Ligand SMILES: Nc1ncnc2c1ncn2[C@@H]1O[C@H](COP(=O)(O)OP(=O)(O)OP(=O)(O)O)[C@@H](O)[C@H]1O
Ligand SMILES: [Mg+2]
């Protein structure tokens, strides 16, 4: 499925729509360059559960954890992840099946994404505020 969003708010809204469909153990892999809107999407997804925390890229913490009334959300940033050891250090394998994963820079951990991962590709379009968002997988 392909969707074009024309503002940051619209990308957040898409995150919200997907968030509302989740059961609690989905793995959502986000793909796309710097500043494309991965965090905006994640913010919408997290905030749809009434979580008021500011949602930012966990570039230094590697993972941020949000407790919603339904399940936990683990928000990863794999920007700096290069090796399996790096990945283990994020808690990726420990947290698996304990909540929903939303992963920025999934390109860096492609080999470790389990079957059934929902893949979301975000690309810039010609107009500055447009993003082409492609969803692959069952939600
Ligand atoms: N349609 C759109 N959807 C999402 N963001 C948009 C859109 N149009 C413009 N923007 C802008 O693009 C930027 C997206 O930033 P965001 O932090 O979400 O990117 P990111 O992919 O998480 O980047 P990083 O890889 O650095 O973590 C924001 O400045 C936002 O205002
Ligand atoms: Mg980000």
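Coordinate-derived values only; no laboratory data. Only a predicted model underlies this, so the values are computations on that prediction, with no experimental measurement involved.
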Open item on the list: As a test of understanding, state the convex hull volume per residue of the range 2-136 from its alpha carbons, in Å³.
Closed with: 100
Task: Helix-only CD estimate at 222 nm, as mean residue ellipticity for the chain, using -39500 (n - 2.57) per DSSP H run (n ≥ 4) - done: -6500 deg cm²/dmol
Task: Pairwise centroid distance, computed over Cα atoms, of the range 114-131 with the range 55-91, Å - done: 19
Open item on the list: I want the antiparallel fraction of DSSP beta bridges within the chain, as a percent rounded to 5.
Closed with: 55
